[in-house]
Amino acid sequence: MAIKAGEDTFYQANRGIVQDGLVLNLDAGVDESYNGGTTWRDLKGGNNASFQNMTDANYTSDNAGGISFSSTNDYISGGDTSSVNGHSTICVWYKATGVPSHNDAAGGVLFCQSNSYYLGITTLHSWANQTFSYGVVINQALRSANGTAPNNQVNFCVGLWNGSQLQIWINGQFSTSSNYTTSPQLTSPAYQIGRWGWSSYYRYFNGLIYNIQLYNRALSGDEIAKNYNATRHRFGV
């Protein structure tokens, strides 16, 4: 593991990153967040996540710690994120390692804000297109922006909505944007990691997720760069 001199993964995950507006902070590389069992603990406090159809065998020491998903029926469920109901940012370090349950432009789900179809914010990785997508859902329509995120490579991907644009940032750099001005709907705010959809149409992710941070505001470019630089060292970049 390569970390910055004088720091450790706990510092990077819990103090090195931007704190203002932080709602959810999960990091498999930090013992205080994951140290065996079937609970992924929220470093921000109070919104722990539970493994579904998974065991501690889904943990991997790759890059100081990640959670593996097989794209069969394994996912992680969490609690209420209704404080994120407008401007928002999600940051995630992950690596797609195989074809997801739906190998199309949308692909497999990294994080979704709701356990109901087409509500809240959603992030996905398309294996077919090698892209990261961040979107908000209005009236059963996903409005999204997409940026290049190569398969079989660790990527730091950020999606945000600032009230006028959906933006994608990849590895600390701006990637693309899409104009959109309507706030997302959110009526069932229990988040899921690695799955999204409904009973006959679940989309599962295939790969590793190392950490996830959710904010109730849009981060600036400087703040995104701060999060990238605070956490990149364990990934050797």
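What follows draws every value from the coordinates through simple rules; no lab data is involved. Quick caveat: nothing in here was measured; it's all calculated off a predicted structure. All Cβ positions, even for glycine, are placed from backbone atoms using ideal geometry, and neighbour counts span all protein chains on display.
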Query raised in the report: Going by how many other beta carbons lie within 10 Å of each one, how would you line up Phe51, Phe132, fewest first?
Result: Phe51, Phe132
Requested in this report: Add +1 for every Lys or Arg and -1 for every Asp or Glu among the other residues with Cβ under 14 Å from the Cβ of Thr122, and state the total.
Outcome: +3
Query raised in the report: Per-residue ellipticity at 222 nm for the chain, helices alone: DSSP H runs ≥ 4 residues times -39500 (n - 2.57), over residue total, nearest 500 deg cm²/dmol?
Result: -1500 deg cm²/dmol
**Report entry** Proxy reagent accessibility, fewest Cβ within 10 Å first, across Glu32, Glu223
**Finding:** Glu32, Glu223
Query - Ascending count of other beta-carbon atoms within 10 Å, so fewest first, for His102, His125 - result: His102, His125
Report summary line: Note, Cys112: beta-carbon cut-off 13 Å, +1 each Lys/Arg, -1 each Asp/Glu, net +2
Query - Correct choice for log10 I(q)/I(0) by the Debye sum over Cα atoms at q = 0.09 Å⁻¹ that was computed from the model, options [x] -0.60; [y] -0.31; [z] -0.53 - result: [y]
Query raised in the report: What's the FRET efficiency of Asp222 with Thr39 using the Cβ-Cβ distance as r and R₀ = 41 Å, to the nearest 0.05?
Result: 0.75
